[in-house]
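K.L.:
Would you mind keeping the following structure in view while I ask a few things?
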Amino acid sequence: MNTLTKNIPLNVLDLVSISEGQTTREALQQALESAQLIDKLGFKRLWFAEHHNSINLASMATSNLIGLAAQVTERIRIGSGGIMLPNHAPLQVAESFGTLAQLFPDRIDLGLGRAPGTDAQTAQLLTRSGSDPQSFANSIFDLIGWFSDKGSAHSVPVTSNVGTGTNIPIWVLGSSMNGASIAGQLGLPYSIATHFTPDDYREKIDVYRSAFKTSAPTAQIEEPYVMAGINVLVAPTDEEAERLWTTTQQMLQDMQTGRQRLLQPPVHSEQLGTEQERAMIESMFSIKAVGSPETVQKKLQQFAESTGADELIVVTYTYDPEDRKRSMNMLAELWF
């Protein structure tokens, strides 16, 4: 393993998937057990996503999950991947994350996105603030003020109290050219959603780096910093990993057809349709490292070199939680 791989931190993004035959409570309990494992294995960060109106995911109340995971872990940074800011009043975000940072100092990350994390109808029930770039930037400016030692927002003389002095690191999440540009202009670290929007990812990262401004009033870092997402599933052999991967393929198929199902058991690839249909399913999650430890190590290395990322964040779906735990164990063994 070369120096580049050894030096890049590896993180985990959890959407708390729910498998057929599993209850929501069981899925949430598994997520907390997984958090403990990931902490012990040496991953740097564990982030929880925010997603709504999907029966196969339980990562809706992101800040609640972060608090619970932080409580059962010791070292790992816990954060949001992310909080979809249009769904939340910024002051409420400052108070929630300020509380978390007070209880778990220097362990909380706040990743922010502009998308609703759901369909249009559900978004109407959630949306509280504007998603345009200027509103997004203004909200981040206020959040940084609430987390500062002064503890007051830029736009209004209001304090969050619990957020004061926590100086929580803020990340901008993005999947588009526009999102990359916004992250750069704000002078904040950028987490690119290559795990589900793989198109033109090199260009997006270049846009972010070109747009980066250390002089921005929101800037928290002195130079561009990128975290890139990738789907990962490690098993003893390539064949077994590809078989387990059919659970994710079925999930993607359901997303494209609008079918609502819990995560399904693995199937033979032929059951997913024609080769052309399978290729169409795979296109959305084409940034992946699925296979034996040797295969995954090679693909992760190639992706790290291709992106020039400072950190990687992995997403793993399996029908059986034990397969996910095994994948995490094998991933840690090959990477750290």
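The values are calculated or read from the model by the stated rules, or taken from the named source; none is laboratory data. Please read all numbers here as calculations on a predicted model, not as lab measurements. Cβ sites come from the backbone with ideal geometry, for glycine too, and all protein chains shown count toward neighbours. All accessible areas refer to the heavy atoms of the entire protein, side chains included, with ligands and DNA or RNA removed. Shrake-Rupley method; radii C 1.70, N 1.55, O 1.52, S 1.80 Å.
K.L.:
Go through region 134-168 and count every residue that is surrounded by fewer than 15 Cβ atoms within 10 Å (Cβ to Cβ) and hydroxyl-bearing (S, T, Y).
P.N.:
1
K.L.:
Any idea which residue in region 50-95 is farthest from the chain's Cα centre (by Cα), counting only those that are open to solvent by 10 Å² or more (accessible area, probe 1.4 Å) and of a type in the set (G, A, S)?
P.N.:
Of everything passing the filter in region 50-95, A89 is farthest from the chain's Cα centre (by Cα).
K.L.:
Got at least one residue in region 292-300 being of a type outside the set (F, W, Y), modelled with pLDDT of 95 or more and closer than 30 Å to G187 by Cβ?
P.N.:
Within region 292-300, one or more residues are of a type outside the set (F, W, Y), modelled with pLDDT of 95 or more and closer than 30 Å to G187 by Cβ.
K.L.:
Then there is this: Counting only residues that are hydrophobic (A, V, I, L, M, F, W, C) and closer than 13 Å to E50 by Cα, how many does region 78-92 have?
P.N.:
Of the residues in that region, 3 qualify.
K.L.:
Output the qualifying pairs, or none if there are none: Cβ atoms under 8 angstrom, residues six or more apart or on different chains, first residue in region 270-289 and more than 25 Å from S327 (Cα to Cα), second residue open to solvent by 60 Å² or more (accessible area, probe 1.4 Å) and in a helix (DSSP H, G or I).
P.N.:
Every condition considered, the pairs that remain are M280/Q256.
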